[in-house]
Amino acid sequence: MILLADFDRESMLDMFIYEMSQLLEQLEQNVIQGESGFSMEAINEIFRIMHTIKGSAAMMMFTNISTVSHSMEDLFYYLREQNPTGVDYGRLTDFVLEGMDFVKVELGKIESGVPADGDGTEIINTMKGFLAELKGGGKAPAPAPAPAAAPAPAKPAKAAKKKQAPPPPPADNGVRYEGKIWFSEGCEMENVRSYTFIHNLEDKVTDIWHDPENVIDETASEVIKKNGFKFKFTSKLPYEDLCKAITSTIYLKSMELKIEGGAEVQEDGVKKTYKAHVTFEEGSEMENVRAYNMIHSLENKVEIIKYIPEDVLDEEYVEVIRKSGFILVVATDMKYESLYNLLQEPVYLKTLKLEEITDPDEVTLPKEDDSMVQEEEKLEVPPVQEEQLAVIAPVKAPAPAVPEADAAKKPATQHMISVNVSKLDLLLNLMGELVIAEAMVTQNPELDGLELESFVKEARQLHKIINDIQDTVMSMRMVPLQSTFIKMHRIVRDMCRQLNKEVDLILIGEDTEVDKNIIEHISDPLMHIIRNSVDHGIEMPSVRREHGKPEKGKVILEAKNTGGDVLIIIRDDGEGLNKARIMQKAKSNGLLRKDESEYTDKEIHQFIFLPGFSTNDKVTSFSGRGVGMDVVSTNLEIVGGSVLVDSTPGEGSVFTMKIPLTLAIIEGMTIKMGGAKYTIPIISMVKSFKATKSELFHDPSGNEMVTERGEVYNVVRLYEFFGCQSEITNIEDGIMIMLENGDQKVCLFVDELIGEQQVVVKSMPKYIKKIRGISGCTLLGNGDISLIIDVGGFFDK
Amino acid sequence: MAAESEHVTQNQSIEEITKDQYLTFIIDDEEYAIGIAYIQEIVNNLSITVVPQTPDYVKGIVSLRGDIIPAIDVRCRFHKPEKEFDEQTCIVFVEYQGYQLGLIVDKVKEVMFIEEDFIAPPPSAKLSYYNQFVKSIGQVGDEIRLLLDLDKFLLQD
């Protein structure tokens, strides 16, 4: 830990944990997909991930993680190299998953600040045993050499690295290279970077030797800073590929690589002279000033040998530059492409031609010289497509490989950044404030009754912009359900193996996006429903055969967007819910509120979501305790969602989870009741109407009802429900709002409607206990507080 | 849990700085005092939004620059008859144990020093339920200030 003491270990740990969990997720997915037999790509991918996990763990000095992943890597190394037949992939998957679980547990420890002290030896030993078994049993007709030799090539490399042994004689099948790299000044931790660098090369090259030998030692940093990091290795890869691999190192300032003892192949650290020919966009004006700025901005970065025209600030050259461009000769030790990027920066740049030259004096000729003009024409005439910049590669060979690789890499690396969620939360809060502030300005009472034509117009524009920003902010928080869905593969797989069932999990619409906050709340419910489906729904293969169904059961997990909600539908083709059993259980638990025969199928099914309700007599490791389904409904309630279940005996059941897209900003209808204002989510509103006394009646127990278009609905008077005073009690003076929750409807009686408005949901202060019928509050445009009605509260039993 | 204990220690250090300083306010004829470390802000004239189904002493919620804070009527909490709000009625915002609360009082009087030596425990005989909210009694000259026990006053039902 001495090494790590000097810098902010916390942030590195965060990054480490984040990366590791992503890798593990990816790995899990790959492993489970490959359970029935791995494709070559899958093996390579898994091998690569394992390798990264091992490397990062070793770098962070979590030896137990790195050793466990190392042994898993060995397994896949064998698979990759030997491609043995007849491997028990099921067991292999078990081992890998076990190993991954170990890593996960350790990660959890690290995250909560507990030393990661898990002992992985047992796992390693089982894996070693399995590997030996594979090697022994794998007498497959593979034309491979003796299997035992297989993992060998990788090991010498590692051994060499670990023991810092002097270079063994070069292997006969590879070229021995030597080279040196320098890191950018101020990048810090040169030793760790060198370590990572070597580590990244490990799978490409062998027999690595490096100086300083012990990079983990802190003093190595200084040496590397001063002398560069020297290394030698043997590789079969072509020179360009090696260059590419080396230049991908971050904070790399320059590198050298040559065949050992041989002539230098390329040297980037040495100054070269380049000629840049620049033209500006037509109509950009002040070309001379732009040229001057360009020179000026480069001054600190490169050595400027000369530029033509020389006196750029003289106005008479404006025309010259406009017509024939501007030539800049610089000397720099930068790589071609970094210089190119640097030169590309100025605005209004139209073309840039960068060439490496040997003799700067050759370039002199500016003044409408023929060659210049010709060149100019060459630039204009050939299809310099649209406004693309023309690149002319330097003459020396190895360079082109690098820019190409860069170009190919760019889209992946630059278009995604990871952002701390707390920053997004802050942004969202500020967004909320902005929405309120906008309403405060545009609906300011002081504006009442004024004729404000242009104000209203501008305000509308402002509103539009704010709406757009809001959409963007919200969209930034949206995460696809994919990762949540993919986790289910593992659950289904584990259960199948334990229960001896065969189930296919099919994912549909996993790219549907949901707010980050909500996703956290649905992962548990989803898991419980899936477990329920596999455990209770899908029958044993033998039973399925008897019933004439395919032996392999099917669970379909589907997500889709319906306006303001996302539906997650879990469908299985199992035996369906057993109504009689549920009824019986409900009766014995004393849950029935009306006559047994009066219950509809839906109501019966809904019983399974009550706490402690399980029709399973046996408690298995998966279910039977009656907590699962209860978690589903409570968890979904937190985010304002709901769950419905439907089932056809013998054909399967369908669970539908309805969750809101987002929690933070909703469309609300503001209403008035007894001097206070309330906001009803528009999504829950069906319609509003005036009721007459004749449409109103009471049932014997005093429940008020209203008929509307031939249907009868329960009436909830808001003032009665909340126990408040209201002046409007006559049904004809107020207004009815029909609300829906799931497929139930109710009519809410309030004083009056005020208007529709976007509101930012704020939670109620925690001092106030949960109030039935209220889900939160919001600030209205005039600074008043309005309570947000929780429509679900009116439907409780 | 960690966040809460951190909070307490933070409060303690503030408490040390502002030790012996109290904000006093008046309900009927009595003067009550709260350690100034807990006081965040005093505002008069804020509109209170009634929240249904809350204890009677929770008058509702107010918005203090975008924060939603419950407002507690101190009179009501003491079971004293309600009084119309007038221009001297204030909301004293306090933060205690992570809760942000507004206390509605008849009138805020002053910030004053009460030295520890002049603070005495209340009479041991609890004659009524409501004097349990008084933690101790401070003497300033020949006047008396009642020091509130915020734990009981704010957090007990």
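Worth a mention:
- Filter result (among the hydrophobic types (A, V, I, L, M, F, W, C), closer than 20 Å to A:Asp743 by Cα and over 48 Å from the mean Cα position of the chain (by Cα)) within region A:676-709: A:Met705, A:Val706
- Complete set of residues in region A:569-607 that are free of Cβ contacts under 8 Å to residues at least 40 places away in the same chain, aliphatic (A, V, I, L, M), surrounded by 13 or more Cβ atoms within 10 Å (Cβ to Cβ) and closer than 30 Å to A:Glu551 by Cα: A:Ile582, A:Met583, A:Ile604
- Failed item, numbered, when B:Ile137 is tested on (1) away from chain A (no Cβ under 14 Å); (2) out of contact with any strand residue (DSSP E or B) (no Cβ under 7 Å at 6 or more places or on another chain): (2)
- A:Cys724, sole failed condition from (1) within 14 Å of another protein chain (Cβ to nearest Cβ); (2) crowded, with 19+ Cβ neighbours inside 10 Å: (2)
- Counted residues, region A:441-458 - those being part of a helix (DSSP H, G or I), surrounded by fewer than 15 Cβ atoms within 10 Å (Cβ to Cβ) and not basic (Lys, Arg): 9
- Residue check, A:Asp511 farther than 30 Å from A:Phe95 by Cβ, assigned by TED's automatic domain parsing to the domain that holds A:Val632 and not in a helix (DSSP H, G or I): yes
- Some residue of region A:770-778 being more than 9 Å from chain B (Cβ to nearest Cβ), out of contact with any strand residue (DSSP E or B) (no Cβ under 6 Å at 6 or more places or on another chain) and either basic (Lys, Arg) or not in a loop (DSSP other than H, G, I, E, B) (or both): yes
- Test: A:Gly734 is away from chain B (no Cβ under 14 Å), at pLDDT 85 or above and on the phi > 0 side of the Ramachandran plot: no
- Residue that is nearest to A:Ile522 (Cα to Cα), among those in region A:450-487 that are at pLDDT below 85 and of a type in the set (Gly, Ala, Ser): A:Ser483
- Scanning region A:525-543 turns up at least one residue that is surrounded by fewer than 15 Cβ atoms within 10 Å (Cβ to Cβ) and part of a helix (DSSP H, G or I).
- Considering region A:674-705, the residues that are outside any strand (DSSP E or B) and within 14 Å of chain B (Cβ to nearest Cβ) include one that is surrounded by the fewest Cβ atoms within 10 Å (Cβ to Cβ), namely A:Gly675.
- Selection status of A:Leu23, under 20 Å from the mean Cα position of the chain (by Cα), free of Cβ contacts under 8 Å to residues at least 40 places away in the same chain and assigned to a helix (DSSP H, G or I): yes
- Close pairs (7 angstrom Cβ cut-off, 6 or more residues apart or separate chains): in contact (Cβ under 8 Å) with a residue 12 or more places away in the chain in region A:89-105, acidic (Asp, Glu) anywhere: A:Tyr89/A:Glu35; A:Gly90/A:Glu35; A:Thr93/A:Glu35; A:Met100/A:Glu28
- All conditions but one from (1) within 9 Å of chain B (Cβ to nearest Cβ); (2) touching a helix residue (DSSP H, G or I) at 6+ places or on another chain (Cβ under 8 Å) apply to A:Asn741; the one that does not is (1).
- Residue match in region A:197-210 (condition: over 22 Å from A:Asp74 (Cα atoms) and either modelled with pLDDT of 70 or more or in a loop (DSSP other than H, G, I, E, B) (or both)): yes
- Candidates A:Glu546, A:Glu520 - the one that is free of Cβ contacts under 8 Å to residues at least 40 places away in the same chain and more than 18 Å from A:Phe485 (Cα to Cα): A:Glu546
- Residues (at pLDDT below 85 and assigned to a loop (DSSP other than H, G, I, E, B)) located in region B:143-157: B:Gln156, B:Asp157
- Matching entry among B:Val94, B:Val74, B:Val108 (being closer than 22 Å to A:Ser763 by Cα and modelled with pLDDT of 90 or more): B:Val94
- Taken over region A:782-797, the criterion of being under 36 Å from the mean Cα position of the chain (by Cα), more than 8 Å from chain B (Cβ to nearest Cβ) and buried (at least 20 other Cβ atoms within 10 Å of the Cβ) is satisfied by A:Ile788, A:Ile789, A:Asp790, A:Val791.
- Test: residue in region B:27-37 that is out of contact with any Phe, Trp or Tyr (no Cβ under 6 Å at 6 or more places or on another chain), more than 8 Å from chain A (Cβ to nearest Cβ), part of a strand (DSSP E or B) and surrounded by fewer than 16 Cβ atoms within 10 Å (Cβ to Cβ): yes
- Yes/no for A:Lys762 being under 22 Å from B:Gly60 (Cα atoms), within 47 Å of the chain's Cα centre (by Cα), surrounded by fewer than 18 Cβ atoms within 10 Å (Cβ to Cβ) and among the charged types (D, E, K, R): no
- Flag if A:Ile506 is crowded, with 17+ Cβ neighbours inside 10 Å, in contact (Cβ under 8 Å) with a residue 40 or more places away in the chain, within 14 Å of A:Gly652 (Cβ to Cβ) and not assigned by TED's automatic domain parsing to the domain that holds A:Gln758: no
The values are calculated or read from the model by the stated rules, or taken from the named source; none is laboratory data. Just so you know, these numbers come straight off a predicted model, no measurement behind them. No Cβ is skipped: glycine too gets one built from the backbone with ideal geometry, and neighbour counts run over all protein chains shown.
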